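**Student:** Once you've had a glance at the structure underneath, I'll fire off some questions.
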Amino acid sequence: MSRELNNTALAEPVGCLCPDPRAWRLEDLPCTLETEDESRSFLIRQGGRRTVGPNEAIFAGGPTESRCFRVLEGVVRLVRFFPDGARQIVRFAFSGAYFGLIHAERALTAEAVSPAVLLEFDAGKLQRLGECNPLLGRQLANVLRAGASEALDHVGLLGRKDARKRLALFLRFLHQNTGLGDIVTVPMPRSDIADFVGLKIETVSRAFGYLRRRHLVEDVGRGVQRLDLAGLDLLIDGEG
């Protein structure tokens, strides 16, 4: 947005929440965004486009990390590494999702699971943009609420003692993000699944075998599976 400063008559930008009426003119701010399409186009212009390959590091995390990202294509994993070499996958970010908006995620390591296309932002600037426009602010607040809900679901998954139920919950979670009908794409390897659900890879393989024998999962192609969604729900909700 480019307008000339007029010290005698400052037009108020529509929807702008900037405390200083002159500050919004110093950079392209989303003062007049009113629709989802306008907001989406604005963020695409603001972000730096980045393409990464499978298993490529996006950031290594730490107190100086200031970037956040939105996934346009592909899947990203957020990983916590431990001194003994073990790792825990804290989150998968799918197409359309943001990651790195909060400090806790920027302390993790972010890696591409599959070829991915990302939008890169400065987290502080993105927050300021959200403060400048109610629509964009609500969108970012919704992202944070969804992330908190997803984190609680992950804690609930890890709280299940039965490995088969953990895997069933994971497949249900995956279907919500990549599913079409009863078909789901599984872009991550078994090692990633194991480190997300808190099991050994051998235990995950045995759980997959059990689901196949029960006809709850059927392989239909490379990385593509057909799910008995109702059957998985019964397994998840059942006792034992």
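The values are calculated or read from the model by the stated rules, or taken from the named source; none is laboratory data. Note that the coordinates shown come from a computational prediction; the quantities given were computed from them, not determined experimentally. Quick reminder, even Gly has a Cβ in these numbers, built from the backbone with ideal geometry, and neighbours come from all protein chains shown. The area values use the complete protein model at the heavy-atom level, side chains included, leaving out ligands, DNA and RNA. Shrake-Rupley method; radii C 1.70, N 1.55, O 1.52, S 1.80 Å.
**Student:** Given the options GLY198, GLY238, name the one that is closer than 15 Å to LEU157 by Cβ and either modelled with pLDDT under 95 or surrounded by 15 or more Cβ atoms within 10 Å (Cβ to Cβ) (or both).
**Tutor:** Numbers: GLY238 fails: closer than 15 Å to LEU157 by Cβ.
Answer to the selection: GLY198.
**Student:** If we keep just the residues of the stretch 62-78 that are surrounded by fewer than 20 Cβ atoms within 10 Å (Cβ to Cβ) and out of contact with any helix residue (DSSP H, G or I) (no Cβ under 7 Å at 6 or more places or on another chain), which is farthest from ALA194 (Cα to Cα)? Don't jump to the end; show me each part of the working.
**Tutor:** Restricting attention to the stretch 62-78, the residues satisfying the condition of being surrounded by fewer than 20 Cβ atoms within 10 Å (Cβ to Cβ) are 62-67, 72-73.
So of that shortlist, the ones also out of contact with any helix residue (DSSP H, G or I) (no Cβ under 7 Å at 6 or more places or on another chain) come out as 62-64, 72-73.
Numbers: GLY62: 25, PRO63: 28, THR64: 30, LEU72: 25, GLU73: 23 Å.
Selected residue: THR64.
**Student:** So, one more: Among the residues of the stretch 98-114, write down those that are surrounded by fewer than 19 Cβ atoms within 10 Å (Cβ to Cβ), assigned to a loop (DSSP other than H, G, I, E, B) and hydrophobic (A, V, I, L, M, F, W, C).
**Tutor:** Hits for the stretch 98-114 are ILE102, ALA107.
**Student:** I'd like to know if the stretch 158-165 contains one or more residues that are surrounded by fewer than 21 Cβ atoms within 10 Å (Cβ to Cβ), touching a Ser or Thr at 6+ places or on another chain (Cβ under 6 Å) and either closer than 30 Å to LEU216 by Cβ or at pLDDT 90 or above (or both).
**Tutor:** Looking through the stretch 158-165, at least one residue is surrounded by fewer than 21 Cβ atoms within 10 Å (Cβ to Cβ), touching a Ser or Thr at 6+ places or on another chain (Cβ under 6 Å) and either closer than 30 Å to LEU216 by Cβ or at pLDDT 90 or above (or both).
**Student:** Kindly provide the set of residues from the stretch 85-97 that are open to solvent by 40 Å² or more (accessible area, probe 1.4 Å) and either of a type in the set (Gly, Ala, Ser) or under 10 Å from the mean Cα position of the chain (by Cα) (or both), ordered by number. Even if it seems obvious, please write down each step before you answer.
**Tutor:** In the first step, residues of the stretch 85-97 are kept if they are open to solvent by 40 Å² or more (accessible area, probe 1.4 Å); the result is 85-88, 90, 95.
Within the stretch 85-97, GLY85, ALA86, SER95 qualify.
**Student:** Can you say whether LEU152 is without any contact (Cβ under 8 Å) to a residue 12 or more places away in the chain and open to solvent by 30 Å² or more (accessible area, probe 1.4 Å), as far as the supplied structure shows?
**Tutor:** On the way: without any contact (Cβ under 8 Å) to a residue 12 or more places away in the chain: yes; open to solvent by 30 Å² or more (accessible area, probe 1.4 Å): yes.
Yes; evaluated as a whole, the condition is true for this residue.
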